[in-house]
1. Could you please give the count of residues in the range 21-57 that are touching a Ser or Thr at 6+ places or on another chain (Cβ under 7 Å), among the polar types (S, T, N, Q) and part of a strand (DSSP E or B)?
2. Here's a check for you: in the range 37-50, which residue that is modelled with pLDDT under 80 and out of contact with any strand residue (DSSP E or B) (no Cβ under 8 Å at 6 or more places or on another chain) is farthest from residue 268 (Cα to Cα)?
3. Among 121, 163, 182, which is under 23 Å from residue 276 (Cα atoms) and small (Gly, Ala, Ser)?
4. Looking at the range 253-264, is at least one residue out of contact with any helix residue (DSSP H, G or I) (no Cβ under 6 Å at 6 or more places or on another chain), of a type in the set (Gly, Ala, Ser), closer than 13 Å to residue 161 by Cα and assigned by TED's automatic domain parsing to the domain that holds residue 124?
5. Could you tell me which of the residues 152, 169 is modelled with pLDDT under 90, within 30 Å of residue 8 (Cα to Cα) and out of contact with any Cys (no Cβ under 7 Å at 6 or more places or on another chain)?
6. Looking at this structure, is residue 127 more than 30 Å from residue 194 (Cβ to Cβ), under 27 Å from the mean Cα position of the chain (by Cα), at pLDDT 80 or above and buried (at least 17 other Cβ atoms within 10 Å of the Cβ)?
7. Consider the range 168-198. How many of its residues are part of a helix (DSSP H, G or I) and surrounded by fewer than 24 Cβ atoms within 10 Å (Cβ to Cβ)?
8. Can you find a residue in the range 69-83 that is in contact with a strand residue (DSSP E or B) (Cβ under 7 Å, 6 or more places away or on another chain), at pLDDT below 85 and either part of a helix (DSSP H, G or I) or over 23 Å from residue 13 (Cβ atoms) (or both)?
Amino acid sequence: MSNESDIFLRVTDDERLAHEWELVLLAQGLSPSLRRNQSVVTLSVPEGELERAHASLLAYESENHEEFAGGHEPAISAICAGASVLTGILILVFFTVTVVSNSTMLWFERGSADAHKISNGEIWRTVTALTLHADIAHAASNAAAIAVFFGAASSMLGVGLGGALILMAGAGGNLANAFLQGSPHVSVGASTSVFGAVGLLGGVGAIVRRRRALSGRRAWLPIAAALALFGMLGTGGERVDVGAHLLGLLVGSVLGIVIAFVAPRPLGFRIQWTCGGAAVAVLIYCWILALC
């Protein structure tokens, strides 16, 4: 079925399970559709059937609890978890390279988000600054936070797209912060991207809830939750750059809302690889510009 109003419901790499879901919904008089993207199968239903379909699958799984107790976690869940942990580890590895092993190299002078230099055209600093951390506590806290929120965002959007949008949110937040703060403001750290991920989750969540015909107030609860997280995590501490955190959150929220409209269904592996590869390439290219 190729109904433009179809809404994504579930995803799995188990084709048998996908057909089982489809049969359950067909038995309820609903109109499910299956789409295959590489090794992943997505289940969608018309927008007006979303709540009934969700309730039917929950009821079916409740009645067959033993069969589903082991779970049929999509392969994508393991990929998201692995990618998020790897990202956190890479932050710590890069901290070791830039601070512990090569303290004589001018990493911070070349890569920090120096507002004066950014405004004079060194835009790559908005990206490179996300990888620099002043001390081990700073690096460890951001590594843990990015692992958590990158994992959550990639489970909704996919690893490649989620990673690319989080990088964009962090860079966008640093760029806006540089122009608003002006010289001699300088900042480093992945926390702008962390709050970009929080905003991304809030923006996507708000649009998804609106599609499910929830009331306006309830639909915007994810945005409220993102702001609450910002209040708890983004405003305390001596050297916290509140402006960068807030702007990362705002840029991430806008990106989340836009992507939820543009790509309401999960993107295929080929596009995910393209987005992820582009994000890595941009990060490497920005550091090449910084060090040359």
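1. Matching residues across the range 21-57 total 2.
2. Result: 39.
3. Details: 121 fails: under 23 Å from residue 276 (Cα atoms); 182 fails: under 23 Å from residue 276 (Cα atoms).
Unique residue meeting the criteria: 163.
4. Step one: of the range 253-264, the residues out of contact with any helix residue (DSSP H, G or I) (no Cβ under 6 Å at 6 or more places or on another chain) are 254, 258-259, 261-264.
Applying the additional criterion that residues be of a type in the set (Gly, Ala, Ser) yields 263.
From what's left, closer than 13 Å to residue 161 by Cα: 263.
When the remaining residues are screened for being assigned by TED's automatic domain parsing to the domain that holds residue 124, the result is 263.
Looking through the range 253-264, at least one residue is out of contact with any helix residue (DSSP H, G or I) (no Cβ under 6 Å at 6 or more places or on another chain), of a type in the set (Gly, Ala, Ser), closer than 13 Å to residue 161 by Cα and assigned by TED's automatic domain parsing to the domain that holds residue 124.
5. On the way: 169 fails: modelled with pLDDT under 90.
Only one candidate qualifies: 152.
6. Numbers: more than 30 Å from residue 194 (Cβ to Cβ): no; under 27 Å from the mean Cα position of the chain (by Cα): yes; at pLDDT 80 or above: yes; buried (at least 17 other Cβ atoms within 10 Å of the Cβ): yes.
For residue 127, the condition - more than 30 Å from residue 194 (Cβ to Cβ), under 27 Å from the mean Cα position of the chain (by Cα), at pLDDT 80 or above and buried (at least 17 other Cβ atoms within 10 Å of the Cβ) - is not met.
7. So the answer is 7.
8. First, pick out the residues of the range 69-83 that are in contact with a strand residue (DSSP E or B) (Cβ under 7 Å, 6 or more places away or on another chain): 72, 74, 76.
Pick out the ones that are also at pLDDT below 85 and you get 72, 74, 76.
The next check asks that each one be either part of a helix (DSSP H, G or I) or over 23 Å from residue 13 (Cβ atoms) (or both); those that pass are 76.
Yes.
The values are calculated or read from the model by the stated rules, or taken from the named source; none is laboratory data. All values derive from a computational prediction rather than experimental measurement. Glycine also receives a Cβ, built like all others from the backbone with ideal geometry; neighbour counts cover every protein chain displayed.
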